[in-house]
Amino acid sequence: MHGEFLLLLTYRRLVVTQETRMLHRLRLHLNTELRHLSNVTWNPDPRLSAVELAATAIDGVRERFWIKTGHPKQVWHLDALLSHAFRPRSMAQRVHEAPRVQAPMAPPVPAAA
């Protein structure tokens, strides 16, 4: 599929729309939660000022997008944003499930008789 796409990436969802050529209407191309995407990869290319983003949707369709940036520095910024959104789940779970440091409990005081 060719044409211009608009990608909206949040912490939980990826929404991709496409504008039709003739009538310039927006058409929904992909609307999914990030946890439903698998095999997400991206390849930054500062020489071409672009990032190739690829992911497999829950229905098994492999989606590929070529994202052009205005400047080579923006390639690395986009790379950092994608790393943040698609960081390994095990790492994200470890951050949320990190043990909390608690103050040591005082030994129990015996009851007075």
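Could you state, as a whole-number percent, how many of the C-alpha pairs of the range 1-64 are farther apart than 12 Å?
For the range 1-64, the fraction of Cα-Cα distances above 12 Å is 73 percent.
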Open item on the list: Run through the range 1-79 and list the GluC sites (Glu not before Pro) located in a DSSP loop whose Cβ has at most 11 other Cβ atoms within 10 Å.
Closed with: Glu4
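Just so you know, all these numbers are worked out from the coordinates, no wet-lab data involved. All figures in this text were calculated on a predicted structure; none of them were measured in a lab. Neighbour counts run over all protein chains shown; Cβ positions are idealised from the backbone, glycine included.
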